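Remarks on the structure that follows.
The values are calculated or read from the model by the stated rules, or taken from the named source; none is laboratory data. Please read all numbers here as calculations on a predicted model, not as lab measurements. For neighbour counting, all protein chains shown are included, and Cβ atoms are generated from backbone atoms with ideal geometry for every residue, glycine included. Accessible surface is based on the protein model in full, side chains and every heavy atom, while ligands, DNA and RNA are left aside. Shrake-Rupley method; radii C 1.70, N 1.55, O 1.52, S 1.80 Å.
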Amino acid sequence: MTALNDHLIKLIKLHGPLSISNYMTEALTNPKYGYYAKQIPFGEKGDFVTAPEVSQMFGELIGLWFADIWLKMKKPRTVHLIELGPGNGTLMADFLRVLKVLPEFLDTINLHFVETSKQLIEIQKEKLKEFPNNKNWYETVKSALSATNDEDGVEVTFIIANEFFDALPIRQFQKEELGWHERMVTVGESGKNLEVMLSPFPVHDVKLNEKLVNALQHSIIEVSPMTDFVVFEICKHFQKNKGAALFIDYGYDEHSTGETLQAVKNHNYQGIFEFPGEADLSAHVNFKRIHDIVVECDLTPYGPAPQRQFLSAMGIEERVKTLLKDATPEQTQDLISDLKRLISPDEMGTLFKVLGILSVESIEIAGF
Ligand code: SAH
């Protein structure tokens, strides 16, 4: 049993069941017991491997995607580059390193990071110390956006988020005879474990997409009010500021039922209540919902496109071919297996999706 498990049992006995959303928030970001507060999640030795940790090509191609837009925007002189959930700082290091071929762009960049984990902030500072760009850290997306807001519309905001939205809390609802009940977290009969219960009465605060209204009994749906809020805030920002955003994550592109909340520890799936605070918790991202919010805000979404399509359009295969020319046999094997990992349909190629947002319509963008 983990320390967070005991803490949550006490909390539930005092105050009653928690929503899945509160459980996720505690498990991931509780400052004392939360997963991101004390673990080093990423890499072969961590619990899971993200695309930037697979290969430097990932961050490089994203850097080139933004460089292309910067050139097409006629080289704005001040750029605010915001990264949501930078993890080990690997994506940003690869992004900035590739821009050494375009120092004019590199020099315009002010860096802004949204990160809740103090431990990861230290790792990010160390990883990025070779880059003299101005750097700022924030706990919330809202505060990063207000710090980069430019009423005159001269400064530009670029936003990148890889595997950030999957970590934001979700609520789950389950359909029963009388309507949708919220799935809550309570203490099991033994008094020592956590388990799911349904709210005794159906709830009415869940706004369902019309496709889901007639879902079958016992169907589960997931919503992420925090994702909605963050995306709305970003869109409001792009109504006033020039710029572009790129969101990459695993997820689905049509509204659907089904439970996707998952726990991963040491590269293995676990029950969501087995290691609270010691396993990563995440849920698939509803890209259809993000897409619709962007449209609602009168901005144009690009994609969601499968990661495979985006990276191929950005030239990942050509990049590998160039690198293969000077590679040792061992490097050759690594390059080929990294490429496969990023774009193969049975690895990250189709489950992962890429969604772009652009504030100015008159530019043709790459990748979609
Ligand atoms: N982008 C990185 C890391 C992804 S993991 C990569 O691709 O490797 C998720 C990241 O988001 C971590 O840095 C985590 O600390 C951060 N994070 C999770 N929930 C957050 C929240 N609610 N607010 C801010 N950062 C959060």
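Return a whole-number percent for the relative contact order of the stretch 3-357, with Cα pairs under 8 Å and 6 or more residues apart as the contact set. Could the numbers behind the result be given before it?
On the way: 654 pairs, mean separation 68.4, N = 355.
The normalised contact order for the stretch 3-357 reaches 19 percent.
So in the chain, what percent of DSSP beta bridges are antiparallel if you round to the nearest 5?
Values: 33 of 59 bridges.
Looking only at bridges with both residues in the chain, the antiparallel portion is about 55 percent.
At a 1.4 Å probe, what is the % contribution of carbon and sulfur to the accessible area of the stretch 3-357?
53
Given the pairs Lys75/Lys325; Lys74/Lys242; Lys75/Lys240; Lys72/Lys125, which are separated by over 22 angstrom at their Cα positions? Mind showing how you got there, number by number?
Numbers: Lys75/Lys325 33 Å; Lys74/Lys242 12 Å; Lys75/Lys240 19 Å; Lys72/Lys125 31 Å.
Too far apart for the 22 Å limit: Lys75/Lys325; Lys72/Lys125.
Looking only at trypsin sites (Lys or Arg not before Pro) in DSSP loops with at most 11 other Cβ atoms within 10 Å, what is the longest site-free stretch of the chain?
Numbers: sites that count: Lys32, Lys45, Lys74, Arg77, Lys129, Lys192, Lys207.
With a cap of 11 other Cβ atoms within 10 Å, the longest stretch comes to 208-368.
Under a 1.4 Å probe, what is the accessible area of the chain per residue, stated in Å²?
Values: 17020 Å² over 368 residues.
Counting only protein heavy atoms, the per-residue value for the chain is 46 Å².
For the stretch 114-135 and the stretch 54-111, compute the distance between their C-alpha centroids and round to whole Å.
Comparing the Cα centres of the stretch 114-135 and the stretch 54-111, I get a distance of 15 Å.
Over 26 Å between Cα atoms: which of Lys142/Lys192; Lys38/Lys175; Lys45/Lys127; Lys118/Lys236 fall into that group?
Working: Lys142/Lys192 38 Å; Lys38/Lys175 36 Å; Lys45/Lys127 18 Å; Lys118/Lys236 28 Å.
Beyond 26 Å: Lys142/Lys192; Lys38/Lys175; Lys118/Lys236.
On a 0 to 90° scale, report how tilted helix 56-72 is relative to the longest principal axis of the chain, with both axes built from alpha carbons and the result rounded to the nearest 10.
Roughly 60 degrees, rounded to the nearest 10.
Under the rule of at least 5 residues apart or a separate chain, name every residue whose amide H is placed under 5 Å from the amide H of Ser344.
Gly349
Using just the helices of the chain, give the 222 nm mean residue ellipticity in deg cm²/dmol: DSSP H runs with n ≥ 4 each add -39,500 (n - 2.57), and the total is spread over all residues, rounded to 500.
On the way: 14 runs with 137 residues, N = 368.
The helix contribution divided over the chain gives -11000 deg cm²/dmol.
So if I take the centroid of the Cα atoms in the stretch 339-359 and the same for the stretch 296-318, what is the distance between those two points in Å?
Result: 8 Å between the Cα centres.
Let me know the volume per residue of the alpha-carbon convex hull for the stretch 3-357, in Å³.
148
Using only the Cα atoms of the stretch 219-322, build the gyration tensor, take square roots of its eigenvalues as a ≥ b ≥ c, and label the shape rounded, prolate or oblate: rounded if a/c is under 1.5, else prolate if a/b is larger than b/c, else oblate. Numbers along the way, then the final one.
Details: a/c = 2.05, a/b = 1.21, b/c = 1.69.
Oblate.
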